[in-house]
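All remarks here apply to the structure that follows.
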Amino acid sequence: MSLDTDRAASKGYPLLKSERLWGFWKYSWVNVSLAIATWAFLQGGSVATFVGAKAAIASIVIGYGISVLFVALVPNIPSARYGAEHFVTLRSIFGVKGARVVMIVVTVFSLAAWAAILALMVGHAVSNVVGQLLGPDAWTNSSISITVIALLAILVTWVLLLGGPKVIGRVGTILAPALVVLTIVMLILVFTHVSWGELIAAEPLEPAKNKHLAFMLAIELNVGGGLAWWPVMGNLARHTKSVRAAYWPNVVGIFGASVLAAIVGVFAALTLGSEDPTVWMVPLGGAVLGIAALAFIAVANLTSMVSQAYTGISAIIGGGGAWLRRRSWALVSFGFLVPVAVITFFPDAVYNNYGRFVSWIAIALAPLCAVQLVDFFLLRRGRLDPRELYKSAEESGYGYWKGYNPVAFVAVAAGSIAYVSLLNPVSYTPSSLFIYLGASIPSMLVAGILYYLGTLYVVKRAGKGAYSVRASPVEKPADQPRMN
Amino acid sequence: MPMPSEFDSDLEERLTALEAKDSPEAVSDRLPAKDFWISVVVLTVASVLLLVWGYSA
């Protein structure tokens, strides 16, 4: 067989088992290097604005635990099982054309925004390093200088992206252990400044009168933080050698590393009174160690940006149709990074209001995740027909109505409305029910139930969606895959 | 049967390999249910314990 894996990966075609790159350990390192990136510190810093250390630990483990479990199931399992690009698998839900709409919205508003957050953090880190080296008088730590450095980081990301998935895996293998070491060193340094007793006695950065509401906001922030992995993981999981090798590294890597780094972030924020991770390093480690840590964070963020961008670009090419598939990887990479660059001009929209940004992300991703969960595991019993995924809207069993499945879009919209009615993302004002329900989980329930009923009573009755066709007729009996 | 316009030989070869009976590339891989339930039980127990410990603060 003379197949070109890199070309297939970039075009969203199914990757065959013999072409997959990552077993359990390698994918774990990829996950750890992604999760322990400084956005986890930023997450911890934001949690510390609502709650103290003990409640923060509980909210982080519970919030990430729930959401990472969902994400480990979808999109990881369908992408690992069929090797297909994440947004291509979504054609079975939203329709051949509808999945492109989802792809564009999610790619532009979520993946690009996350990459921009990382770029801005590189800007903050480098700016702080230069400020320490040259002195505050010689260097203006302004938003303009931060944006300029962020733009340079985006340029470097583009160059690194030209290396493809092998480069991402290689970089992850090298940087992940170093990032774990940095996080542990930060933890040790925190405890050279404060005792455990002082830490758990420390008030949140913005103490709330209603402590239960603050705890629920912290949980919601962490559920949203975990759901934010939904657009990313599918396109990485398709490179894994088995479904188990896709599932467990998420539970261990994404969950474990995110929780560890976020908790360290909470401790540092409570100790130093700031939610910005780039402000912590010099006070924690002194000038030399602090500068080294900041420089390292800048490099680590670049690798995370490459992973984020790779996922976005794979989605654009794989799900974007024939015209985009004819464009070069370099050109589409550049095109993806343009909105990332634009967002860096508006740091208040993302980096400086991280909690609200996560809320916006969850409004879209919580119902999307729920709909995929219900469709893949309940309605299709874990089976897709890979051939139908790649046919045109007119020919495919996943064509629905003119290429769109309105039931899926209505379900996602209803889930989003449920979220907004429980937690206003603009004012960040919770409703009276939020304190008992949160926002993401009810949003998922609304979207999932509506999608299930709509599919049962509308889609299936109309004979759409290829639900009556038993996919993969030659499928072998389920075996027990090794965790390789 | 005419090949749909977006199909090329590479994609066709991959889909055929996925669908081929007894092919090492055929879709067969599933997550064992026990893997899922182990993670659910561990998460639930950890959450309850942490809720009792952390929320009493």
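The values are calculated or read from the model by the stated rules, or taken from the named source; none is laboratory data. Keep in mind that this is a model prediction, so the values were computed, not measured. Note that each Cβ is placed from the backbone with ideal geometry, even for glycine, and that neighbours are counted across all protein chains shown. To get the accessible areas, we keep the full protein, side chains included, count just its heavy atoms, and leave off ligands, DNA and RNA. Shrake-Rupley method; radii C 1.70, N 1.55, O 1.52, S 1.80 Å.
Taking the stated definitions as given, is residue B:46 more than 7 Å from chain A (Cβ to nearest Cβ) and at pLDDT 85 or above? Here the answer is no, as residue B:46 does not meet what is asked.
Which of the following residues is in a helix (DSSP H, G or I), within 20 Å of residue A:220 (Cβ to Cβ) and either in contact with a Phe, Trp or Tyr (Cβ under 6 Å, 6 or more places away or on another chain) or open to solvent by 10 Å² or more (accessible area, probe 1.4 Å) (or both): A:66, A:60? Give the steps one after another, and end with the answer.
Working: A:60 fails: either in contact with a Phe, Trp or Tyr (Cβ under 6 Å, 6 or more places away or on another chain) or open to solvent by 10 Å² or more (accessible area, probe 1.4 Å) (or both).
Testing whether each residue is in a helix (DSSP H, G or I), within 20 Å of residue A:220 (Cβ to Cβ) and either in contact with a Phe, Trp or Tyr (Cβ under 6 Å, 6 or more places away or on another chain) or open to solvent by 10 Å² or more (accessible area, probe 1.4 Å) (or both) leaves just A:66.
Working only within region A:104-130, note down all residues that are more than 13 Å from residue A:315 (Cβ to Cβ) and open to solvent by 30 Å² or more (accessible area, probe 1.4 Å). Across region A:104-130, the qualifying residues are A:124, A:126, A:128, A:130. Sort out which residues of region A:439-456 are among the aliphatic types (A, V, I, L, M) and open to solvent by 50 Å² or more (accessible area, probe 1.4 Å), and write them in order of number. Correct list: A:441, A:445, A:446, A:449, A:450, A:453, A:456.
Please pick out the residue among A:38, A:5 that is more than 9 Å from every other protein chain (Cβ to nearest Cβ), modelled with pLDDT under 90 and over 19 Å from the mean Cα position of the chain (by Cα).
Values: A:38 fails: over 19 Å from the mean Cα position of the chain (by Cα).
Only one candidate passes the filter, namely A:5.
For residue A:97, the conditions (1) in contact with a Lys or Arg (Cβ under 8 Å, 6 or more places away or on another chain); (2) surrounded by 24 or more Cβ atoms within 10 Å (Cβ to Cβ); (3) over 16 Å from residue A:376 (Cα atoms) are fulfilled apart from (2). Does any residue of region A:388-407 turn out to be surrounded by fewer than 17 Cβ atoms within 10 Å (Cβ to Cβ), away from every other protein chain (no Cβ under 14 Å) and touching a residue at least 24 places away in the same chain (Cβ under 8 Å)? The answer is yes, given that some residue of region A:388-407 is surrounded by fewer than 17 Cβ atoms within 10 Å (Cβ to Cβ), away from every other protein chain (no Cβ under 14 Å) and touching a residue at least 24 places away in the same chain (Cβ under 8 Å). Take the conditions (1) touching a Leu at 6+ places or on another chain (Cβ under 9 Å); (2) open to solvent by 10 Å² or more (accessible area, probe 1.4 Å); (3) within 12 Å of chain B (Cβ to nearest Cβ); residue A:82 misses just one of them, which is (2).
Residue B:21 passes every criterion in (1) open to solvent by less than 70 Å² (accessible area, probe 1.4 Å); (2) within 7 Å of another protein chain (Cβ to nearest Cβ); (3) under 27 Å from residue A:396 (Cα atoms); (4) under 21 Å from the mean Cα position of the chain (by Cα) apart from (1). Among the residues of region A:328-347, is there at least one that is closer than 20 Å to residue A:124 by Cβ, more than 16 Å from the chain's Cα centre (by Cα), open to solvent by 40 Å² or more (accessible area, probe 1.4 Å) and not aliphatic (A, V, I, L, M)? Yes, there is a match, as at least one residue in region A:328-347 is closer than 20 Å to residue A:124 by Cβ, more than 16 Å from the chain's Cα centre (by Cα), open to solvent by 40 Å² or more (accessible area, probe 1.4 Å) and not aliphatic (A, V, I, L, M). Of all residues in region B:5-18, those being open to solvent by 40 Å² or more (accessible area, probe 1.4 Å) and either at the interface with chain A (Cβ under 7 Å from one of its Cβ atoms) or of a type in the set (Gly, Ala, Ser) (or both) number 4. All conditions but one from (1) of a type outside the set (A, V, I, L, M); (2) more than 26 Å from residue B:53 (Cβ to Cβ); (3) open to solvent by 10 Å² or more (accessible area, probe 1.4 Å); (4) more than 19 Å from the chain's Cα centre (by Cα) apply to residue A:54; the one that does not is (2).
How many residues does region A:348-358 hold that are over 16 Å from residue A:105 (Cα atoms) and assigned to a helix (DSSP H, G or I)? Working first, answer last.
To start, the set of residues in region A:348-358 that are over 16 Å from residue A:105 (Cα atoms) comprises A:348-356.
Keeping just the survivors that are assigned to a helix (DSSP H, G or I) gives A:348-349, A:354-356.
Number of matching residues: 5.
Scanning region A:414-438 for residues that are among the hydrophobic types (A, V, I, L, M, F, W, C) and open to solvent by 50 Å² or more (accessible area, probe 1.4 Å) yields a count of 5. For region A:208-218, taking the residues that are over 11 Å from residue A:435 (Cβ atoms) and not basic (Lys, Arg), the one that is farthest from the chain's Cα centre (by Cα) is identified as A:208.
Starting from residues that are part of a loop (DSSP other than H, G, I, E, B) and within 9 Å of another protein chain (Cβ to nearest Cβ), keep the ones in region A:12-35 and report whichever is farthest from residue A:248 (Cα to Cα). Before the answer, list the steps.
Residues of region A:12-35 that are part of a loop (DSSP other than H, G, I, E, B), as a first pass: A:12-16, A:20-21, A:23.
From what is left, the residues that are within 9 Å of another protein chain (Cβ to nearest Cβ) are A:13-16.
On the way: A:13: 24, A:14: 22, A:15: 20, A:16: 20 Å.
Checking each candidate, the answer is A:13.
For region A:409-419, check the following and say yes or no: at least one residue is over 29 Å from residue A:213 (Cβ atoms) and out of contact with any Leu (no Cβ under 6 Å at 6 or more places or on another chain). Step through it out loud before you land on a result.
Filtering region A:409-419 down to residues over 29 Å from residue A:213 (Cβ atoms) leaves A:409-410.
The next check asks that each one be out of contact with any Leu (no Cβ under 6 Å at 6 or more places or on another chain); those that pass are A:409-410.
Yes, the conditions are met somewhere in region A:409-419.
When A:123, A:95, A:45 are checked against the criterion of being in contact (Cβ under 8 Å) with a residue 40 or more places away in the chain, at positive phi and away from chain B (no Cβ under 12 Å), A:95 stands alone in meeting it.
The helices (runs of 4 or more DSSP H) found wholly in region A:184-265 and carrying at least 3 residues that are surrounded by 20 or more Cβ atoms within 10 Å (Cβ to Cβ) occupy A:211-227, A:230-237, A:243-249. The set of residues in region A:269-297 that are open to solvent by less than 10 Å² (accessible area, probe 1.4 Å) and of a type in the set (Gly, Ala, Ser) comprises A:269, A:290.
Taking the numbered list (1) more than 15 Å from residue A:82 (Cα to Cα); (2) among the hydrophobic types (A, V, I, L, M, F, W, C); (3) open to solvent by 10 Å² or more (accessible area, probe 1.4 Å) in turn, residue A:377 passes all entries but (1).
The lone criterion from (1) surrounded by fewer than 24 Cβ atoms within 10 Å (Cβ to Cβ); (2) within 24 Å of residue A:455 (Cα to Cα) left unmet by residue A:92 is number (1).
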